[in-house]
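The values are calculated or read from the model by the stated rules, or taken from the named source; none is laboratory data. This one's a predicted model, so the numbers in the text were calculated from it and none came from an experiment. We place every Cβ from the backbone using ideal geometry, glycine too, and count neighbours over all the protein chains shown.
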Amino acid sequence: MAIISRLGERRLKTRVHEAILDAILRGEFADSRLPPEDQLAVLLGVSRTTVRTALQSLEQEGVVSRTPGRGTLVRSNMLPSVLGLHRLVGFSRLLRERGHKVRVVSSSETAAAPDDLAQEFELPRSELYLTIRRLLSADGVPAIATVDLFPAQLLMGLHLPAAELPESPFEFSERFLKRPIREATVELIPRVSDEILGRELALAPGTPCLMLKERHIGDRNEVLGFSRIVINDKVVRLQVVRRP
């Protein structure tokens, strides 16, 4: 039985990337070694060139290392807590990998940016944005609150309820934006819960939390979206891996 399901033709590079990453997180590869490119291509039903492109992206993201003569190896420190910070996987997966029972409450609307977010990101009040909100609870405790904003003029069409939209902004852009997100800038800001953050994450005023402010950038160096993430410091800790 193939360890990776064969893929259709839509957005092959992105789907191959996601399929290989998912297989890595499931621990499908013995000794953390991926099969050769030609074998992966057969498993996925795509060309070797497409597989190579996806592996190069995973290498740039620090998920795998590729060395002539040794092949492609999964880096030992690629934990969900690392991938979550990079937004390569959804935060719900990060919590499940830690053994939590996860509940996600989500909503979306297309309107002017909410006042607090417009001020946070200096957004024009005349533009419309798709605003996606999620509250993730771990074992009944509010753990992570996310708000993603995407300019309505960049949407190619959207007919899914918020619960079915991808948590990763990279995946969302590949499926629903006219131009894909290529990178993000992130500010990590220690905070204590105030009226707004407390309402989003159901925290008592003064509770320590971590806020992430993200700007999502496209190929033309234009900003394609914004995210604000508030994390309950008592439930979730994210990790950063540095390489020379």
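So here's what we get for this one:
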| item | result |
| --- | --- |
| Conditions (1) in contact with a Phe, Trp or Tyr (Cβ under 6 Å, 6 or more places away or on another chain); (2) surrounded by 19 or more Cβ atoms within 10 Å (Cβ to Cβ); (3) touching a residue at least 60 places away in the same chain (Cβ under 8 Å): number failed by ILE181 | (3) |
| Residue in the range 148-169 that is assigned by TED's automatic domain parsing to the domain that holds HIS216 and hydroxyl-bearing (Ser, Thr, Tyr) present | yes |
| Looking only at the range 125-153, and only at residues there that are at pLDDT 90 or above and of a type in the set (Lys, Arg), the one that is surrounded by the fewest Cβ atoms within 10 Å (Cβ to Cβ) | ARG133 |
| Check on PRO166, under 30 Å from GLY62 (Cβ atoms), surrounded by 14 or more Cβ atoms within 10 Å (Cβ to Cβ) and either more than 18 Å from the chain's Cα centre (by Cα) or not charged (D, E, K, R) (or both) | yes |
| Within the range 105-124, considering residues that are touching a helix residue (DSSP H, G or I) at 6+ places or on another chain (Cβ under 6 Å) and either surrounded by fewer than 13 Cβ atoms within 10 Å (Cβ to Cβ) or not assigned by TED's automatic domain parsing to the domain that holds SER227 (or both), the one farthest from SER173 (Cα to Cα) | SER107 |
| Pick from the range 90-104, criterion of a type in the set (A, V, I, L, M) and within 16 Å of the chain's Cα centre (by Cα), ranking: surrounded by the fewest Cβ atoms within 10 Å (Cβ to Cβ) | VAL104 |
| Residues of the range 230-244 classified as at pLDDT 90 or above and either outside any strand (DSSP E or B) or in contact with a Lys or Arg (Cβ under 8 Å, 6 or more places away or on another chain) (or both), total | 1 |
| Residue under evaluation MET156, criteria (1) in contact (Cβ under 8 Å) with a residue 12 or more places away in the chain; (2) surrounded by 13 or more Cβ atoms within 10 Å (Cβ to Cβ), criterion not met | (2) |
| Residues of the range 22-65 classified as among the charged types (D, E, K, R), surrounded by 14 or more Cβ atoms within 10 Å (Cβ to Cβ) and more than 29 Å from LEU95 (Cα to Cα), total | 3 |
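Residues are listed down the side, and each one gets a yes or a no for (1) surrounded by 17 or more Cβ atoms within 10 Å (Cβ to Cβ); (2) in the same structural domain as SER57 (by TED's automatic domain parsing); (3) touching a helix residue (DSSP H, G or I) at 6+ places or on another chain (Cβ under 7 Å); (4) on the phi < 0 side of the Ramachandran plot:
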| site | (1), (2), (3), (4) |
| --- | --- |
| SER173 | yes, no, no, yes |
| GLU187 | no, no, no, yes |
| ILE196 | no, no, yes, yes |
| GLY206 | no, no, no, no |
